[in-house]
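Dropping the structure in here first, questions after.
The values are calculated or read from the model by the stated rules, or taken from the named source; none is laboratory data. No experiment lies behind these values; they were computed from the predicted model shown. Please note: Cβ atoms are built from the backbone with ideal geometry, for glycine as well, and neighbour counts cover all protein chains shown. In case anyone asks, the SASA skips ligands and DNA or RNA and just uses the protein heavy atoms, side chains included. Shrake-Rupley method; radii C 1.70, N 1.55, O 1.52, S 1.80 Å.
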Amino acid sequence: MTAPERHLRLLTETTAAVNSSLDLEEVLHLVADKVADALRADACFVYLYDERADELVLRATHGMSVDEMTRRPRMRPGEGITGSAASERAPVMIPSAAHLDPRFKQFPNLPEEEYESILAVPILARGVLAGALNVRTIAPREYGRDEVELLQSIADQVAQSIVHAQLYSQAQRRVAELEALAKISEAVSESLYLEESLEAIVKTTMEAVNATGAALVLEDGRIAWPEGSPGQHAVRTPLRWKRRQIGELVADRDSPFSDEDRALLEAIAHHAAVALEHGRAVMRGVLAQEIHHRVKNNLQTVASLLRLQSRAEHVDPREALEHSVNRILAIAAVHEALTEQRDEDVELAELIDRLRAMLVQGIGAGRTVEASLEPVSLAGSRATALALVFSELLQNALEHGAGAVRIELARRNGDVLLAIADEGAGVDGTAAGTGLSIVRALVRDELRGSFDLRRDGGTRAEVIFPA
C-alpha cells in the first residue's frame, strides 16, 4: 500500500473514530491514540483551548496517563512549541533536539526531554482556535509534507468533533441543570411547609454538583438545613431577595468547583431565596389566620361571660366589673402563652403560675399562696376553659376564704387534677352564683370533667378531667 493510500485510510479511520462518540473525554482520548497510531509516533498530546483563561490545557495523551497527573499542564498561546503552533495557526516541526529549541517549555510532570522530535499543529474550528495537538518520537524524525498535511487534516476533523462534543456536553449539563431547578420549583410550589422546601433544595444541590455536603444558612447565622459532610472545597452563594441578602447556600466537595457549577449554584440560590420568602409568607399567613381565629373565639367567650354577668341579680357593679376584668385577663394569658410558644398546646403549670401571680397582686395581697404544679400540657381551647375555671376558684378563695391557699396540679391515672384549698369555712357544693355557674358549665362542657366543692377542715374545690 502506497503512503498516500495508507494516509487516506488512516484519516478515514481516525475521522470515523472521533465521530463515533459525543462524549468529549472519550473523543480526546480516541484522538490521541489514533493520531499516534496513524503517524507511528511514540506520544501524542491533545490540548483544548480555554477561552476564558486564555490557556491551552492538556486533556488527553498517548504514551502516558493524563488522569494520573495531580496538576495538568497549561500554557498560553505562544508559549512552548505547541503554543507557538496555536498562536501562529500553522504547523511547527522540529526533527531533533526539540528540548533545546528556545520555544521549548518544560513541565515538571511531563517527561518531554525524552523525545527528540515534535510536530505540533493547531486545532481550528472555522478559523477559531479550539486547541492544539502534537506528536513526538524518541528517535529523531523528519516529518514529510504529506505527514504534516495528514496531521493537520486530522486536526481539522478533530475540531469539528470537539465542537460537537462540547455542544453535547453543554446540552447534557443544561438538561441536568433544568432537571435540578425543576425539582426545586416543584418542591417549593407543592409544599406549604418551609422545612420540606429547604430539605428538597439542599438535597437537589448535592445531586446537581456532586457535593459531599450542603446547607442553607439564614441571615441570622442559623443553619436552616444541613446535609452530608464538609469537603476540601466550599462555595458560599448568597441568597438575595429584593436586593437584600437573606442567607447563603453552602456546598462542599473534595474537588474544586467549576464555573458551570458556580453558575448552577447561583440559579439554585435564586430558587432557594424564593422558597424561603414563599415559606415565610405562608407561615405569616397561617399565623395571622390562627391569631384571628383565636381572637375571634376569645372575644365571643368574653361576650358570653359579660352577658351572663349582666343577668345576675343583687350584685355589686364594681365587684362584677372586677370579676369580668379578671376573666378577660385569664383569657389574655392563654392567648399570650400560645403566641409565645407558637404551639397548639399550653403548659398549664406556667399558665397557672402566671394567673396566680396576677390575682394575688390584684386581690390577695398579704395572703400566703402555695403551689405544687406538675408539668401538664393542654390544647389551646381547653386551656382557655381551665384558665377561667382556675381564675374563678382562686378568686373565690382569696375573697371569701381564709388563711393560706394551696394550689395543686397533678396527673392521676390518665386524668388531670386541679385543686384549690383554703382554711376558711367557705361554701358547700350546692352554692350558687355567677362564678360557680361559669365553673360548672366550663368543666362539664369544655373539659368533660367533674367539679367538687366541699368543706374538709376548710374549703377545697377540685376539678378532674381527662388529660
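Which of (1) modelled with pLDDT of 85 or more; (2) charged (D, E, K, R); (3) part of a loop (DSSP other than H, G, I, E, B) does R59 not meet, given it meets every other one?
Among (1) modelled with pLDDT of 85 or more; (2) charged (D, E, K, R); (3) part of a loop (DSSP other than H, G, I, E, B), R59 violates only (3).
Considering (1) assigned to a helix (DSSP H, G or I); (2) at pLDDT 80 or above, say which one I246 fails and leave the rest.
(1)
Here's a follow-up. For a quick check of your reading of the model, give me the residue pairs whose first member lies in the stretch 449-467 and is over 12 Å from I407 (Cα atoms) and open to solvent by less than 50 Å² (accessible area, probe 1.4 Å), whose second is part of a strand (DSSP E or B) and aromatic (F, W, Y), with beta-carbon atoms closer than 8 Å and at least 6 apart or on different chains.
G449/F465
Which residue out of R367, R342, R382 is under 16 Å from V463 (Cβ atoms), at pLDDT below 80 and not hydrophobic (A, V, I, L, M, F, W, C)?
R382
Residues E186, E207, E147, E199: which one is modelled with pLDDT of 70 or more, assigned to a helix (DSSP H, G or I), acidic (D, E) and open to solvent by 90 Å² or more (accessible area, probe 1.4 Å)?
E207
Okay, next question. Any residue in the stretch 213-238 that is within 16 Å of L265 (Cβ to Cβ) sitting within a Cβ distance under 6 Å of a residue that is surrounded by fewer than 14 Cβ atoms within 10 Å (Cβ to Cβ) and among the small types (G, A, S)? List the pairs, counting only those 6 or more apart or interchain.
Final answer for the pair search is G213/S229.
If a residue has to be open to solvent by 60 Å² or more (accessible area, probe 1.4 Å) and not in a strand (DSSP E or B) to count, how many in the stretch 210-223 make the cut?
Of the residues in the stretch 210-223, 4 are open to solvent by 60 Å² or more (accessible area, probe 1.4 Å) and not in a strand (DSSP E or B).
For the stretch 256-275, give me the residue count where each residue is outside any helix (DSSP H, G or I) and either in contact (Cβ under 8 Å) with a residue 40 or more places away in the chain or under 17 Å from the mean Cα position of the chain (by Cα) (or both). Don't jump to the end; show me each part of the working.
Taking the stretch 256-275 and keeping what is outside any helix (DSSP H, G or I), we get 256-258.
Now restrict to residues that are either in contact (Cβ under 8 Å) with a residue 40 or more places away in the chain or under 17 Å from the mean Cα position of the chain (by Cα) (or both): 257.
Adding up the residues that qualify gives 1.
I want to confirm something. Restricting to the stretch 234-243 and keeping residues that are in a strand (DSSP E or B) and out of contact with any Asp or Glu (no Cβ under 7 Å at 6 or more places or on another chain), which single residue is most open to solvent (accessible area, probe 1.4 Å)?
Residue satisfying both the conditions and the ranking: R240.
Give the residue, chosen from P226, P230, that is modelled with pLDDT under 85 and assigned to a strand (DSSP E or B). Show your work before the answer.
Numbers: P230 fails: assigned to a strand (DSSP E or B).
From the options P226, P230, the qualifying one is P226.
Shifting gears a bit: Please list, ordered by residue number, the strands (runs of 3 or more DSSP E) wholly in the stretch 354-413 having 3 or more residues that are within 44 Å of the chain's Cα centre (by Cα).
In the stretch 354-413, the matching strands (runs of 3 or more DSSP E) lie at 377-379, 405-412.
Separate question: Only one of these conditions is not met by Y49: (1) more than 41 Å from the chain's Cα centre (by Cα); (2) modelled with pLDDT of 65 or more; (3) not aliphatic (A, V, I, L, M). Which number is it?
The number of the failed condition is (1).
Out of all the residues in the stretch 99-108, is one or more modelled with pLDDT under 90 and of a type in the set (K, R)?
Among the residues of the stretch 99-108, at least one is modelled with pLDDT under 90 and of a type in the set (K, R), which makes the answer yes.
A further question follows. Of (1) of a type outside the set (A, V, I, L, M); (2) out of contact with any Lys or Arg (no Cβ under 7 Å at 6 or more places or on another chain); (3) free of Cβ contacts under 8 Å to residues at least 60 places away in the same chain; (4) outside any strand (DSSP E or B), R52 satisfies all except one. Which?
Only one criterion is unmet by R52, namely (3).
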